[in-house]
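The structure appears below as structure tokens.
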């Protein structure tokens, strides 16, 4: 398990547009139709990463809690499925159903979306306000597989609360740590 850190897209960045296949519904969906009334969490995740598996129950709980408050959650997998077939779309769909994902799980076949967000690891979290302006990027919390810290979602949760209460998001943001995105032909951006 190689540790890769977020590259930390600059705060204030407008969310790059995308339209991707939702592996759950088998429909192509775009960012505009998925964005939340008050904010949008975009997560680069995948099926097999132990870091993602470690935090997924908390992500699901948070999505269920905050979607009711106008915060949309969107999962995107950009991994190369030729060399990492466990991340193939049909398996994304299977895992999403088994875990009862309350959010779309999109497949970025070209990896252009991951590159446009400067995503580098799974999980990698981005929180945008109602105007799709980046207010937070980085880790869910300090928990990692095997470090003994309970998964709380505290970092992302505090950023979401700031949006909901009309407060400034703390600029003190830590990069996420996880498995590197599996780029095609071993080419990183």
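General remarks:
- Residues satisfying the stated conditions in region 132-150, i.e. surrounded by fewer than 18 Cβ atoms within 10 Å (Cβ to Cβ), in contact with a helix residue (DSSP H, G or I) (Cβ under 9 Å, 6 or more places away or on another chain) and touching a residue at least 40 places away in the same chain (Cβ under 8 Å): 145
- Out of 82, 29, one residue alone is over 14 Å from the mean Cα position of the chain (by Cα) and assigned to a loop (DSSP other than H, G, I, E, B). It is 82.
- When the residues of region 3-22 are filtered to those that are farther than 18 Å from residue 174 by Cα, touching a residue at least 40 places away in the same chain (Cβ under 8 Å) and over 15 Å from the mean Cα position of the chain (by Cα), the one that is surrounded by the most Cβ atoms within 10 Å (Cβ to Cβ) is 21.
- Candidate set: region 154-172, residues that are buried (at least 20 other Cβ atoms within 10 Å of the Cβ) and in contact (Cβ under 8 Å) with a residue 40 or more places away in the chain; chosen: the one farthest from the chain's Cα centre (by Cα): 163
- Subset tally (residues that are buried (at least 17 other Cβ atoms within 10 Å of the Cβ) and under 21 Å from residue 144 (Cβ atoms)) for region 96-129: 9
- For first residues located in region 30-46 and over 16 Å from residue 124 (Cβ atoms), partners that are part of a helix (DSSP H, G or I) and lie 6+ apart or on another chain with Cβ distances below 7 Å form the pairs 38/163; 38/164; 39/160; 39/163.
- A single entry from 71, 29 fulfils the requirement of being at pLDDT 95 or above, surrounded by fewer than 18 Cβ atoms within 10 Å (Cβ to Cβ) and in contact with a strand residue (DSSP E or B) (Cβ under 6 Å, 6 or more places away or on another chain): 29.
- Unmet criterion (only one of (1) assigned to a helix (DSSP H, G or I); (2) touching a strand residue (DSSP E or B) at 6+ places or on another chain (Cβ under 9 Å)) for residue 8: (1)
- Qualifying residues in region 32-50 (those that are over 15 Å from the mean Cα position of the chain (by Cα) and part of a helix (DSSP H, G or I)) - the one nearest to residue 117 (Cα to Cα): 32
- Being within 21 Å of residue 179 (Cα to Cα), out of contact with any strand residue (DSSP E or B) (no Cβ under 9 Å at 6 or more places or on another chain) and either touching a residue at least 60 places away in the same chain (Cβ under 8 Å) or in a strand (DSSP E or B) (or both) is a condition met by at least one residue of region 94-111.
- Annotation: residue 53 fulfils all but one of (1) part of a loop (DSSP other than H, G, I, E, B); (2) under 16 Å from residue 179 (Cα atoms); the unmet one is (1).
The values are calculated or read from the model by the stated rules, or taken from the named source; none is laboratory data. On a predicted model such as this, the values are computed, not experimentally measured, just so you know. Heads up, the Cβs are rebuilt from the backbone with ideal geometry, glycines too, and the neighbour counts pull from every protein chain shown.
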